[in-house]
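Please read the structure below before turning to the comments.
The values are calculated or read from the model by the stated rules, or taken from the named source; none is laboratory data. If you're wondering where the values come from, they're calculated on a predicted model, not measured in any experiment. Here the Cβ positions follow ideal geometry from the backbone for every residue, glycine too, while neighbour counts run over all protein chains shown. Accessible surface areas use protein heavy atoms only, side chains included; no ligands, DNA or RNA. Shrake-Rupley method; radii C 1.70, N 1.55, O 1.52, S 1.80 Å.
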Amino acid sequence: MAAGGNGAAGGGADTKAAFAQIYNTLKEELLADPAFEFTAESHQWIDRMIDYNVLGGKCNRGLSVVDSYKLLKGADVLGEEEMFLACTLGWCIEWLQAFFLVLDDIMDESHTRRGQPCWFRVPQVGFIAVNDGIILRNHISRILRRHFKGKPYYADLLDLFNEVEFKTASGQLLDLITTHEGEKDLTKYNITVHRRIVQYKTAYYSFYLPVACALLLSGENLDNYGAVENILVEMGTYFQVQDDYLDCYGEPEFIGKIGTDIEDYKCSWLVVQALERADESQKHILFENYGKKDPACVAKVKNLYKELNLEAVFQDYENESYKKLIADIEAQPSIAVQNVLKSFLHKIYKRQK
């Protein structure tokens, strides 16, 4: 993590411990919410459902709120109240992620998530998972209301979460209708379509939201940070391109999953680059083999990627993106803001997983 220090909420390990502890507090509050009379059964269901879906990730987005807030304040250690509020906003992002993933998995008919069965695949859950997704989304509003009502930036926080949720859901729609089963038409795929899906579906909630939360906590007005929003969305786009690349070229034991973008007919950066560079006969190979489960078809697509030298194309893209991002970051007037943006960039630059 970005910040060090030895205080109550100091370095990376301490931050993680404090963050984990605050999860328990928030969950207990939700399970004792006076707005609903829980039965023993519904109490137990929600308890298990939250643990199953909110926990289990790396918490990168949530922890980024705390790291960014420390860098904006120029402090290694936060006071107890500040630490609590920063972690709480971090957990709100983790709850938002859980809400998206529960519903995404149903739409994609996925089987596993984070090494366990998707929530809707768990016996007795099924499509109750749809309602659970809605409850997870509502938990965010409950948490924000309980801990931020009365703060001068409360309305801005609500607005921010609503805005980012809308962008992400719209990006998901774009992804779903572009890659829809039976509509297997590669001519729909181009760099503009890829970019739009990635920006809305991933970049806003993964990159912009944590920093925007930290800025609001610091008393800043988000209207003054349009350039920062643009840089973070660019960074999120670069992050997803890396993901697309690693899906094909990463070592499965290293990235923790076996890539299936080719089989799944994904609008991946690689296929978009291949379509741009392929001659007619190469395009024919793509059209015939992309989106097929057969390992022989996948091998043909990968061979074509090799022929088109997409590894080198990616290296160029990575270097160019980095140079541009650094230049844009260094044009920011605030050194603290530069530090936040650089800490994000250095976490992902040339990552292998």
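Points worth noting:
- Placing a label point 7 Å from the Cα of A32 along the Cα-to-Cβ line, no residue of segment 59-92 has its backbone N under 14 Å from it.
- Helix-only arithmetic for the chain: the sum of -39500 (n - 2.57) across DSSP H runs with n ≥ 4, divided by the residue total, places the mean residue ellipticity at 222 nm at -22000 deg cm²/dmol.
- Accessible area of segment 49-143 belonging to carbon and sulfur atoms, whole % at 1.4 Å probe: 53
- FRET efficiency estimate (nearest 0.05) - Cβ-Cβ, D76 to H43, R0 56 angstrom: 0.90
- Net length gained if the chain between T25 and T260 were fully extended (0.36 nm per residue, minus Cα distance): 80.8 nm
- Shape analysis of segment 49-138 based on the Cα gyration tensor places the equivalent ellipsoid semi-axes at 31, 12, 10 Å, largest first.
- The chain, dipole about Cα centre (Lys/Arg Cβ +1, Asp/Glu Cβ -1), debye to the nearest 20: 300
- For segment 63-112, the average shadow cast by the Cα convex hull is 4.2 nm², which is a quarter of the hull's surface.
- Computed extension gain for K353 through A299, at 0.36 nm per residue and net of the alpha carbon distance, reaches 17.2 nm.
- Over 29 Å apart at the Cα level, from the set K324/K353; K27/K353; K73/K323; K151/K353; K300/K347, are K27/K353; K151/K353; K300/K347.
- Efficiency of FRET from Cβ geometry, K323 and H284, R₀ 30 Å, rounded to 0.05: 0.25
- Spatially, segment 259-307 and segment 70-146 are offset by 34 Å when compared through their Cα centroids.
- A331 versus T112: modelled label distance in nm, points set 7 Å from Cα along the beta carbon direction: 4.5
- Spin-label pair D185/L158, simplified geometry with 7 Å Cα→Cβ offset, distance in nm: 4.2
- Inter-site label distance for E253 and L173 at 7 Å from Cα along Cβ, in nm: 4.5
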